[in-house]
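To keep things clear, I will list the structure first and then write my remarks on it.
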Amino acid sequence: MFYFENICGKKVMKSSVLEGLNHFFTTRESVIKTKEKDFEKIVQQNRKLFCEYFGVKELVYPSQTHTSNVDVARVGKTDYPDTDGLILANNEQAIFLNFADCTPLIFYDGKISAVSHAGWRGTAGMIGVKTVEKMVKDFGSDIDKIKCAIGPAISFCCYNVGEDVCDKLISTVRYGEDLFENRGDEIFVDLKSINKRQLTEYGLNPDNIDVCPYCTVCNNDLFFSYRKENATTNRHSAVVKL
């Protein structure tokens, strides 16, 4: 279940499925990523607050380019080009990835964590599954213990795509007839549920996956939306610290 909480006086969102993991999804008031001058000051203030909260010098994030590439955060390294999934296995860093309609995925197995960015390209590339595969292969994670919070993103109600994108997304699951819908001349897809279906078909326990009910378009008062706000550069973020 997702719920709101205040950290350093700023509203954030958390998931009860990730109990034991220091994590949160930022909101408009806790924003830590922007390219807009009007938000630069609040971003700097929020990053400072969260660094103090975590007890780290800086927050580390990769250069996201809508790939399905997954890397591992390493102490002393801050540059992760073309990376849309980042695994955290040390307790010296705090990491975050950024979103504005795309689907955030936070994973936790009780020891290590990961954050992945699943837009339609990342979802078509099955970045969630690739993140879990790397956790299992490189760190010995037990798939039965891996939990996942699928965070705030554009929802089934608002996400219309072209036929080619729909085909690419639905082809990643065995059973996907319920994950898209024709409404007049438009096709709508359920990006959150596609990611969940990929993960459950791979072997994750569906009871260990928490899907956020909030839509970034419908709930634009809480979260940033690329579509709703005419290509805004403001982002909400998924943040973790072991």
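Only one of the listed residues (LYS137, LYS168) is touching a residue at least 40 places away in the same chain (Cβ under 8 Å) and under 20 Å from GLY85 (Cβ atoms). That residue is LYS168. Selection of first residues in segment 172-201 that are more than 12 Å from VAL161 (Cβ to Cβ) and of second residues that are of a type in the set (Ser, Thr, Tyr), restricted to Cβ pairs under 6 Å at least 6 apart or on distinct chains, gives the following pairs, ordered by first then second residue: LYS192/THR103; ASN195/THR103; ASN195/THR123; GLN198/THR172. Being of a type outside the set (Phe, Trp, Tyr), touching a residue at least 12 places away in the same chain (Cβ under 8 Å), under 27 Å from ASN220 (Cα atoms) and not in a strand (DSSP E or B) is a description that does not apply to GLU52. Pull out all pairs, ordered by first then second residue, where Cβ-Cβ is under 7 Å, the residues are six or more apart or on different chains, the first lies in segment 103-122 and is closer than 19 Å to ASP164 by Cα, and the second is in a loop (DSSP other than H, G, I, E, B) and charged (D, E, K, R). Listed by first residue and then by second, the contacts come to GLY122/ASP84.
Checked against (1) in contact with a Leu (Cβ under 7 Å, 6 or more places away or on another chain); (2) of a type in the set (S, T, N, Q); (3) within 26 Å of LEU191 (Cα to Cα), ASN98 passes all but condition (1).
Taking the condition aliphatic (A, V, I, L, M) and at positive phi, does MET135 pass? Taking the combined requirement at face value, the residue does not satisfy it. Here LYS57 does not qualify as in contact (Cβ under 8 Å) with a residue 60 or more places away in the chain, over 24 Å from ILE127 (Cα atoms), part of a loop (DSSP other than H, G, I, E, B) and among the charged types (D, E, K, R).
Residues that are farther than 14 Å from PRO104 by Cβ, of a type in the set (D, E, K, R) and within 22 Å of the chain's Cα centre (by Cα) within segment 145-196 comprise LYS145, LYS147, LYS168, ASP190, listed in sequence order. Looking at segment 33-49, can you tell me whether even one residue there is touching a residue at least 60 places away in the same chain (Cβ under 8 Å), of a type in the set (Lys, Arg) and part of a loop (DSSP other than H, G, I, E, B)? Yes, some residue in segment 33-49 is touching a residue at least 60 places away in the same chain (Cβ under 8 Å), of a type in the set (Lys, Arg) and part of a loop (DSSP other than H, G, I, E, B). The residues of segment 8-25 that are surrounded by fewer than 19 Cβ atoms within 10 Å (Cβ to Cβ) and under 18 Å from ASN98 (Cβ atoms) amount to a single one, LYS11. Can you find, within segment 65-94, the residue that is surrounded by the most Cβ atoms within 10 Å (Cβ to Cβ) among those that are part of a strand (DSSP E or B) and within 12 Å of the chain's Cα centre (by Cα)? It comes out as GLY85. Of the strands (runs of 3 or more DSSP E) contained entirely in segment 163-226, those carrying at least 2 residues that are more than 27 Å from MET13 (Cα to Cα) and at pLDDT 95 or above fall at 180-183, 186-189.
Give the number of residues within segment 140-164 that are of a type in the set (Gly, Ala, Ser), free of Cβ contacts under 8 Å to residues at least 40 places away in the same chain and either crowded, with 16+ Cβ neighbours inside 10 Å or more than 21 Å from GLY20 (Cβ to Cβ) (or both). Qualifying residue count for the region: 2.
Listed here are the residues, each with its yes/no results for (1) of a type in the set (A, V, I, L, M); (2) more than 14 Å from the chain's Cα centre (by Cα).
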{"site": "MET1", "(1), (2)": "yes, yes"}
{"site": "PHE4", "(1), (2)": "no, yes"}
{"site": "ILE7", "(1), (2)": "yes, yes"}
{"site": "SER15", "(1), (2)": "no, no"}
{"site": "LEU21", "(1), (2)": "yes, yes"}
{"site": "ARG28", "(1), (2)": "no, yes"}
{"site": "LYS37", "(1), (2)": "no, yes"}
{"site": "LYS41", "(1), (2)": "no, yes"}
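The values are calculated or read from the model by the stated rules, or taken from the named source; none is laboratory data. Note that the coordinates shown come from a computational prediction; the quantities given were computed from them, not determined experimentally. Note: ideal-geometry Cβ built from the backbone for every residue, glycine included; neighbour counts use all protein chains shown.
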